[in-house]
1. Spin-label point model (7 Å from Cα, Cβ direction): what's the residue 433 to residue 445 distance in nm?
2. Within the set of other residues whose C-beta is less than 14 Å from the C-beta of residue 233, count the net charge using Lys and Arg as +1 and Asp and Glu as -1.
3. Considering only Cα-Cα distances, which of the following residue pairs are longer than 32 Å: 201/336; 201/389; 201/268?
4. What is the dipole size for the chain, taken about its Cα centre, with +1 at each Lys and Arg Cβ and -1 at each Asp and Glu Cβ, in debye to the nearest 20?
5. Kindly state, to the nearest 0.05, the FRET efficiency for residue 153 paired with residue 187, given R0 = 25 Å and r defined as their beta-carbon distance.
6. Which one of 206, 67, 103 is farthest out on the positive end of the charge dipole of the chain, using unit charges on Cβ (Lys, Arg +1; Asp, Glu -1) and the Cα centre as origin?
7. Can you figure out the FRET efficiency of residue 390 with residue 306, using R₀ = 45 Å and their beta-carbon distance, to the nearest 0.05?
8. For Cα extents along the principal axes in Å, pick the label among (i) 71, 55, 52; (ii) 77, 51, 43; (iii) 67, 52, 51 that corresponds to the value derived from the coordinates.
Amino acid sequence: MRLHYLLVFCGQRLCLGLAAVLLAGCSFPSALQPVPGRAPVTIAAADLDHTTIGVYLYPTDDISGPAASTLVAAGARWTRSWFSWDDIEPLPTDPPTYQWQETDERLLAARRAGFETLFLLGGNAVWASDSFCGPIYPRHQADFQRFLRDLVQRYSQPPYDVRLWEIYNEPDSVFGPQGFCFGTRGAQYADSLRLAYTAIKAADPNAVVLFGGISYDFFTNEGGRFDPAFLDDALTAGAGAYFDRLAFHYYPAFAERWNTFGPGVAGKAAYLRGELARYGLDKPLALTEIGRPTRGPQADGIPYNEELTARFVAPALTRARIADLAPIIWFTAIDKADEPYDYGLFSVSLQAEPGLLAYMAVTPALQGGDYQGEVPVSAPGRAYRFRHKRQDAIIAWSDGEPVRLAVSADDVWLVDREAQAQWLRDGSTGDVDARQDGIISLTLDQNPVILWLRHAQEPAHE
């Protein structure tokens, strides 16, 4: 059995925490098990400038189970949760009849676990639209706004405390002649966003409304299912006045398109900021899906394996933090048996995937830290520094051949991609220059590492 540790702080020093997760066979210590009937905990609101990282949990996932508890223990603070108007109000009545119980239980479970919820409008009432992700019939637009007002009034209050509301998932999607979502109908999405925004703000002026997470990849003119003109059409129709953050999704299968504008997800974010600027808009961005499959169809011609996914986690989340994206939602927590791609940090049987260990290793370094800039390292190396209350974290890797990184320190706490940790001391075996000179040198390969060190120890460059 391999023992993996989460980093904890003891006074002014780093300690090997006994918030240990026994991941072999997905066995969890009692400290991480849910407590039946526990009252909702009081949690300080996550700061969208610093506390940004979360994970996607499907409605069918057990939010009170050990997988969610492990992710919270690793530092995840947000979850993106899907809800359907049809589930809550399946029939139109006067006055309206709502079925709140299932949604109540799911949101309470999220709070008890330690998550804040980004609430995603995932489906319309079947009586109000011909698509679960498309325009509302004109005769039911008032019902749509009334439903959202009642929903926000209920769930923006304790014990739920929902602040973020996302208006449809991948609204740029096009399926079939009538459209699966709003793809090819960007102007109609702008109108639906106006209806949603005004209703939500009327119920809670402090609510944050997200333009639904757009795929903005795999376009119809490339044989895909997403409308390349959707964002332009929506913004031309005035959507810019009716959202607080633009949400988008990023998957590395489409990285080549965006690397022209910056590395990885940062390139796509830079491009989308440019698109907003063309309409005179300067709005924050949210990343409501990012992930990489460990397994997928061979017909794709793309290499899927555990090692590549585990290597992807730290650079992807680090670049998302540097790009000021918030929240950042990893897709997804748990694999689905009926899906062709396995994106989960856990398998269907709740076995830990290598991506989970990488997530556990890097999240404490990113969550709550202030970005301090890039640490000098020769190409093709990358190293980025984040300042925390008592320590700094450097997240580092090579994009190609091995490179050398040096830091001014007597010792550092080294966490590898598998969330295994050790002290690395100046002049010790792990210090590749083998000299006790106040500088610790190490070789970076494509497997990211996290170095924790005291504030007074500034990085050096060889």
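Every number in this text was worked out from the coordinates using simple rules, so none of it is lab data. Given the structure is predicted, the values throughout are model-derived calculations rather than measurements. Because the Cβ atoms are built from the backbone with ideal geometry, glycine has one as well, and the counts that use them run over all protein chains shown.
1. 2.3 nm
2. -3
3. Check vs 32 Å cut-off fails for 201/336; 201/389.
4. Using only the charged Cβ atoms, the result is roughly 900 debye.
5. My answer for the efficiency is 0.30.
6. Value: 206.
7. The formula returns an efficiency of 0.85 here.
8. Given (i) 71, 55, 52; (ii) 77, 51, 43; (iii) 67, 52, 51, the calculated one carries the label (ii).
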